[in-house]
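S.K.: Starting off with a structure, shown below.
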Amino acid sequence: MNSAPPALRPFALALGLVALVAWPSPPAGAAAPADHSPLPFPLIERFENYGQAEGMPSAKVHSVFKTSDGRLWVGTWNGLLLREADGRFRRIGPEDGLSHEMVLCLAEDPTTGDLWIGTMRGLTKYSGGRITAYTQTNSGLPNNVVYGVDVLGDTVWAATAAGTGALNLKTGAWKLYDHTNTVMHEPWCYSIKGAQHLVYIGVWGGGIIEHDPKLGSFKEYRDPDRDFHYDLVPDDGPINDITSWLSWEDGVLWQCTYFGFSRRDHRGWKTWIEGKSPLLSNFTQFVWPHRGVAWIGTDRGASVTDGNAWANYSLTDSGEGLIEVHRPNQPVERRVLATALANGFVLGIHVDDREAWFATSRGLSRGVFAADNPYQRPATVAEVR
Amino acid sequence: MRPTGPFARRWLRAATLALALAGVASPQPAPNRPPLKLGLLLPPAEPEAQSIRRGAELGLAAANREPGVPLDLVVRGQPGQWGTEGDDAVVLALDEGAAALIAPTTGAAVHQALQVAGRTRLPVVSLCSDSSVTSAGLPWAIRIAPRTDAEAAAIFAVLRHPTRPPRCLPAVPTDRPGREILHDLETAAATATPDLQLLKPVHVPPPAEDLGALARDVLAANPDVVLLWLEPAASGRFARQLAQLGYRGRLAGHSRLLAPSFFAALGTALPARRWVHGLLVPAPLAATRSNPARDDFLRACSAPLAPPTGESASPLNTPAPFDLGAALAYDAVRLLADVLRRAGERPPYREFPLQHTMPGATGPLAFDPAGNRQWELEVLEWRPDGVRVVHPQPRP
């Protein structure tokens, strides 16, 4: 859903390498160049915000997701919203069959287009206007609090407060994975993501579990230093065992924790903490990877990075939008934006080549990209080739 | 939880009377100001439910005597499958509209409350001693109880053996609670001065199980000290079992043994009560020293508790001088009331990390940036002539 088409991935990689080679390295202490080096991601030039004044039933927004047909879905404290073609929001609530009014997470079945909705009290399927609710009492869902959901092949994976549930869509059978039948240190599953043939489970207090459904294997990634408050040895593994969110794209695993942010790729682990890196806040709670770039939701705004360059979107004390751009070996570029994120507490993000959407605790924000530095679109990649 | 001893029954009657009086004395909330709700997560399995609920209700009455927006207490806890505490936290946070949560002494329930708070930004005050609670890193969550490793360190500082490091055998619960307690005990033992030897623990299952075999295992290991880190009532039952099998070594335990249920479970048989002498328990300074908040709490309880002595070395005159579980819940409610009133129209999570200190029944309510209570702990020892403070050493 959120990755480049497989056929284009080698070209995207090549483009990244070209950008890396072309990266200028000014001498230490050099003044900021007038022309900054290009960034591997677009910058947001303004935000459009949607709250109760725009017809949303709640200012508190937990999740945002654009399905493959281009429709925008918004999970709020008071129901699921579908943004209609005219820009209005249509609400779907418990009275329509939604298992609970507070929507925590959203995922699309890439085969059928069905939308799976994790709520504070059950899992809900939205299929062609039909709504089916799954709860602990009417199904094999391990627990009613569904913090994460994803669809991989014929299986829906639900990360719940008491284990991971796997619903086989062909047979209707459920499987439960928790601390009693896997290597999970704790049963509290806070996030989940399908990754080709694997499933990654973010465990509250148990790091990350890598599960191969075909082999039935489970591998655990834990913070090697086991210290909750300090990253004693950087880049040695997940930064912390309390995984607040995770995601995966093209072989790269991203982990959010309340003590910093981690990435695992073919080179190994890389960790970032506030103060020692441009990461906006150690309190990271959502990541949306797109074309090798992580869009990170924190309690103070959003950080965007490919691991080298960073852009941070936050708010000043007076509520103005602030952007900070960190390029390697260059001075930090700070600018006040004409508009700001609706709120700094970012619980959900959806980014594609055209725009970025942010679920915040005081409204939904749309980030409009600056025209001069877009994501590399297929046509651009073709030109490079 | 059924009161089993005359002490506990007397305690309960006094508390009921105090509650009734407090209700009469409380000002009525202004009709145009709906009360802010505090959610108390109290699962049926919570061993100290009675104390916690009583303390929370007394704290609510005290908080509502103060000026400011009125408060209400919503208690939730239903039997169910594993993970039901998460559902209960959701009910409190969303259906009941609680502005803040109080989480119980069991770590699993606390973590589920924290998970809900992680997505809702509701402040949480935890009564659980596991170090893992504040290790979760939620900025708007704090622990009001002492940490297990800090309590253990206080006890270890007292233990001595004339010829070798003292041999300490932990008696801990089964499953996750036992695992977390052992982790914290090992952390404290690793830095203990002088050295001590932590023996292989016994994992004590629920009370329906036969405790005799486990007690015999303890005796076979010949420890110098048994570290009672079970729930108060279970600790009392196991200590009694050990005594009946002839154990005459020393006992030590966590601060929540300062509970009527512990002494009730020890039984009224004279040998067991006499034998408990030598018991070491860490306690906040407020358990032995007078302060206005503590005295208010004790008056509200109207219980036959120890008179304020003002001297750390003075003996206390009752076997359970201070119901710490009730006092912590009392302080948790008062603290959250203060946080919510200070926040006013602002979201209460913005009050965290808490910068100010307020007096509490268990001592000053002050917290470090990670949300851990900043405690001054004493170690109390039960002796034939009463209870004495043995650490830090009282000045001559």
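S.K.: Tell me, B:SER129, A:SER277 in order of fewest to most beta-carbon neighbours within 10 Å?
M.R.: Working: B:SER129 25, A:SER277 18.
Sorted ascending by nearby Cβ count, the order is A:SER277, B:SER129.
S.K.: Still on this structure, I have one more. Tell me the net charge near B:GLU180. Cut-off is 12 Å between Cβ atoms, B:GLU180 excluded, with +1 for each Lys or Arg and -1 for each Asp or Glu.
M.R.: Numbers: positive: B:ARG147, B:ARG176, B:ARG179; negative: A:GLU186, B:ASP130, B:ASP149, B:ASP175, B:ASP184, B:GLU186.
The answer is -3.
S.K.: Can you give the convex hull volume per residue for the Cα atoms of chain A, as a whole number of Å³? Numbers along the way, then the final one.
M.R.: Values: hull volume 55.8 nm³, N = 385.
Once divided by residue count, the hull of chain A is 145 Å³.
S.K.: Determine the sum of side-chain charges near B:PRO166: Lys and Arg each +1, Asp and Glu each -1, restricted to other residues whose C-beta is under 11 angstrom from that of B:PRO166. Please list the in-between numbers first.
M.R.: Working: positive: B:ARG160, B:ARG164, B:ARG167, B:ARG250; negative: B:ASP195, B:ASP224.
Here the charged neighbours net out to +2.
S.K.: Still on this model: To the nearest whole number, what is the average tally of beta carbon atoms from other chains within 10 Å of the beta carbons of peptide A:161-167? Walk me through the numbers on the way to the answer.
M.R.: Numbers: counts 12, 9, 2, 0, 0, 0, 0.
The per-residue average across the peptide is 3.
S.K.: Moving on to the next point. By how many degrees, between 0 and 90 and to the nearest 10, does the Cα long axis of helix A:9-21 differ from the longest principal axis of chain A?
M.R.: 30
S.K.: Tell me the relative contact order for chain A as a rounded percent, counting alpha carbon contacts under 8 Å between residues six or more apart.
M.R.: Values: 1045 pairs, mean separation 57.8, N = 385.
This gives 15 percent for chain A.
S.K.: Cross-link list A:LYS170/A:LYS193; A:LYS125/A:LYS219; A:LYS193/B:LYS37; A:LYS60/A:LYS125; A:LYS66/A:LYS214; A:LYS66/A:LYS270: which exceed 32 angstrom alpha carbon to alpha carbon?
M.R.: Values: A:LYS170/A:LYS193 20 Å; A:LYS125/A:LYS219 29 Å; A:LYS193/B:LYS37 36 Å; A:LYS60/A:LYS125 22 Å; A:LYS66/A:LYS214 29 Å; A:LYS66/A:LYS270 29 Å.
Pairs exceeding 32 Å: A:LYS193/B:LYS37.
S.K.: Rounded to a whole number, what is D in µm²/s for the stretch B:39-127 from Stokes-Einstein with the Kirkwood radius over alpha-carbon pairs (20 °C, 1.002 mPa s)? Intermediate results must be reported in sequence, preceding the final value.
M.R.: On the way: Rh = 13.1 Å.
It comes out at roughly 164 µm²/s.
S.K.: Measuring from label point to label point, each 7 Å out along Cα→Cβ, what is the A:THR112 to A:LYS219 span in nm?
M.R.: 3.1
S.K.: Under a Cβ-Cβ cut-off of 12 Å, what is the net charge of the residues other than B:ALA109 that fall near it, where Lys and Arg count +1 and Asp and Glu count -1? Don't jump to the answer; show the numbers that get you there.
M.R.: Working: positive: B:ARG76, B:ARG176; negative: B:GLU46, B:GLU85, B:ASP87, B:ASP88, B:ASP130.
It works out to a net charge of -3.
S.K.: Follow-up. Can you grab the distance from the C-alpha centre of the stretch A:227-277 to the C-alpha centre of the stretch A:71-119, Å, no decimals?
M.R.: Going from one Cα centre to the other spans 30 Å.
S.K.: Binning every alpha carbon pair distance of the stretch A:225-326 at 5 Å from zero, what are the percents per bin?
M.R.: Bins of 5 Å from zero give 3, 14, 26, 26, 18, 9, 3, 1, 0 percent of pairs.
S.K.: Once you've got the GNM for chain A with C-alpha springs shorter than 10 Å, pick whichever of A:PRO278, A:PRO94, A:PRO289 has the biggest mean-square fluctuation.
M.R.: Of A:PRO278, A:PRO94, A:PRO289, the Gaussian network model singles out A:PRO94 as fluctuating most.
S.K.: Calculate, in whole percent, how much of the Cα-Cα pair population of the stretch A:263-385 lies beyond 22 Å. All intermediate terms of the calculation are to be shown ahead of the outcome.
M.R.: On the way: 2618 of 7503 pairs.
Summing the P(r) tail past 22 Å for the stretch A:263-385 gives 35 percent.
S.K.: Still on this structure, I have one more. For the stretch A:46-94, I need the span (max minus min coordinate) of the C-alpha atoms along each principal axis, in Å, sorted largest to smallest.
M.R.: Extents along the principal axes: 32, 25, 19 Å.
S.K.: For the stretch A:269-311, evaluate the Debye formula with one uniform point scatterer on each Cα (no solvent term) and list log10 I(q)/I(0) at q = 0.17, 0.34 Å⁻¹, rounded to two decimals.
M.R.: Normalising to I(0) and taking log10 leaves -0.39, -1.42.
S.K.: Normalise the Debye intensity by I(0) for the stretch A:109-165, one equal point scatterer per Cα, no solvent, then take log10 at q = 0.16, 0.20, 0.30 Å⁻¹ and round to two decimals.
M.R.: For the stretch A:109-165, the Cα-only Debye profile gives -0.42, -0.65, -1.26.
S.K.: What percentages make up the Cα-Cα pair-distance distribution of the stretch B:102-150 when the bins are 10 Å wide from 0?
M.R.: 32, 60, 8, 0
S.K.: Mean residue ellipticity at 222 nm from the helices of chain A, using -39,500 (n - 2.57) per DSSP H segment of n ≥ 4 over the full residue count, to the nearest 500 deg cm²/dmol? Before the final figure, lay out each step's value.
M.R.: Numbers: 2 runs with 20 residues, N = 385.
After summing the helix terms and dividing by the residues of chain A, the value is -1500 deg cm²/dmol.
S.K.: Give the residue list of trypsin sites (Lys or Arg not before Pro) in the stretch A:258-329 that are DSSP loop and have at most 16 other beta-carbon atoms within 10 angstrom. Display every interim value, and only then the final one.
M.R.: On the way: sites: A:ARG263, A:ARG264, A:ARG267, A:LYS270, A:LYS276, A:ARG291, A:ARG300; in loops: A:ARG267, A:LYS276, A:ARG291, A:ARG300.
Hits after loop and neighbour filter: A:ARG267, A:LYS276.
Values quoted throughout were computed directly from the atomic coordinates according to the rules given, and no laboratory measurement underlies them. Quick caveat, the model's predicted, so the values are computed rather than measured. Using ideal geometry, Cβ is built from the backbone for each residue, glycine included, and neighbour counts are taken over all protein chains shown.
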